[in-house]
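Accompanying notes for the structure given below.
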Amino acid sequence: MASNTTVPLLTRLIAAAVNVSQKSGRILREVKKSGEMNVQEKGFNDFVTKADFLSQLNIIKSLEKQFPKLKFCGEEGDLKEDYFDLELSLNETVLNEAKILPDAYNSIREEDLIVWVDPLDGTREYTMDYSMAHEVTVLIGVAWNGRPIAGVVNQPFYKFQQESNSYLDRVLWGIVGLGSFDLTKGKISVAQNTLTLPTIVTTRSHITELIQKNLSRIPNKQIIHSGGAGYKALNLIDSKADYYIYPRNGTKRWDTCAPEALIRSVGGCMTDIFGNEYSYTKNENFIEENYYGIVFSLAKDNSNICCHFNQDLKDEIEAQAEKVRQKYRK
């Protein structure tokens, strides 16, 4: 492998993020196995644990040591605690797969990037028994010029291995313009379903009658309910669903940056319920909430989905959005 100084910055960052995500995966498994999760409730069906904080410290402290000019935005805020058990290695598989990137990325500087971190997506599922743990993910997304361009999604509890009596993780990573990859199986190819009625994946814990009514307006074969934004997006990568739809406020940019990068890397998109993209540029007046809802698909745009949402839902979404904007004005 060529020296790191000749490897593109974005490649080195994702190679670092993959290994950092695996370290966070180990943290999540160890804390859950210990039973000392220190669960706290932040809001309705919104939890935080000891593992959330340790995972975020690992991710941000490790990456900022290697890339000191990066900007970060993590779900657990600006953590001030010391953290010395850093993961500073680069993943060789990523370095080899991403040796050559699209020319547009050649001008990227560290200070131009913002890394969105959800250290433990699916905390509610994490606090339950192991039957729900496969829905837990670690999310590290990279945005440039306001758009997600790369991401890492780690499933720490992907598969239970009887021989070792332990869980194996799965790591997916992607760079828009290069593709999405399974760390062990290589490049991912996902075909858009054009032959049968689509399957929709949506929220399990925040469903409402109005959401259910609107989802039923979309011709579909099945509506499935899951936890975790990262896991629901993986349903599209794994061809278990054709759309991930959550038509209300609730997710934030750290929930969607990495999954959106992966979906964009295989030719899909993520928009709000009106078909518009979100910006991931962080400035003084930035609002982190995806307050117009989210729609993931493997299509280039979501016009064929957004046309099904009724005016009652749009009015409710707009009212929720205004409440969010008022909260940020205070």
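The values are calculated or read from the model by the stated rules, or taken from the named source; none is laboratory data. Given the structure is predicted, the values throughout are model-derived calculations rather than measurements. Backbone-built Cβ (ideal geometry, glycine too); neighbour counts: all protein chains shown. When the accessible area is computed, the model is the full protein with side chains, heavy atoms only, and any ligands, DNA or RNA have been set aside. Shrake-Rupley method; radii C 1.70, N 1.55, O 1.52, S 1.80 Å.
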**Asked** How many residues are surrounded by 24 or more Cβ atoms within 10 Å (Cβ to Cβ) and in a helix (DSSP H, G or I) if we restrict to the stretch 108-142?
**Response** 3
**Complete:** When the stretch 300-314 is checked residue by residue, the ones that are touching a residue at least 60 places away in the same chain (Cβ under 8 Å) and surrounded by 18 or more Cβ atoms within 10 Å (Cβ to Cβ) are Ile305, Phe309, Leu313
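Based on this model, can you work out whether Ser279 counts as farther than 25 Å from Ile188 by Cα, touching a Gly at 6+ places or on another chain (Cβ under 6 Å) and of a type in the set (S, T, N, Q)?
On the way: farther than 25 Å from Ile188 by Cα: yes; touching a Gly at 6+ places or on another chain (Cβ under 6 Å): yes; of a type in the set (S, T, N, Q): yes.
So Ser279 passes the test.
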**Prompt:** What are the pairs, 6+ residues apart or on separate chains, where a residue within the stretch 220-241 that is of a type in the set (D, E, K, R) has its Cβ under 6 Å from a residue that is in a strand (DSSP E or B)?
**Reply:** Lys221/Thr199; Lys232/Val201; Lys232/Ser226; Lys232/Tyr244
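Does Asn302 satisfy the criteria of being out of contact with any helix residue (DSSP H, G or I) (no Cβ under 8 Å at 6 or more places or on another chain) and more than 18 Å from Asp118 (Cα to Cα)? Step through it out loud before you land on a result.
Working: out of contact with any helix residue (DSSP H, G or I) (no Cβ under 8 Å at 6 or more places or on another chain): yes; more than 18 Å from Asp118 (Cα to Cα): yes.
Answer is yes for this residue.
Sort through Tyr328, Tyr291 and tell me the only one that's within 23 Å of the chain's Cα centre (by Cα), within 30 Å of Leu70 (Cα to Cα) and open to solvent by 20 Å² or more (accessible area, probe 1.4 Å). Outline the logic, then answer.
On the way: Tyr328 fails: within 23 Å of the chain's Cα centre (by Cα).
Unique residue meeting the criteria: Tyr291.
Tell me, which helices (runs of 4 or more DSSP H) lie completely within the stretch 223-330 with 3 or more residues that are polar (S, T, N, Q)? Please lay out each step first, then the result.
Numbers: elements: 229-237, 253-265, 303-306, 311-329.
Result: 311-329.
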**Complete:** Scanning the stretch 144-177 for residues that are part of a loop (DSSP other than H, G, I, E, B) and over 22 Å from Thr271 (Cβ atoms) gives Gln162, Glu163, Ser164, Asn165
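Return the residues of the stretch 194-205 that are touching a Gly at 6+ places or on another chain (Cβ under 9 Å) and crowded, with 17+ Cβ neighbours inside 10 Å; say none if nothing qualifies.
First, pick out the residues of the stretch 194-205 that are touching a Gly at 6+ places or on another chain (Cβ under 9 Å): 203-205.
Correct list: Thr203, Arg204.
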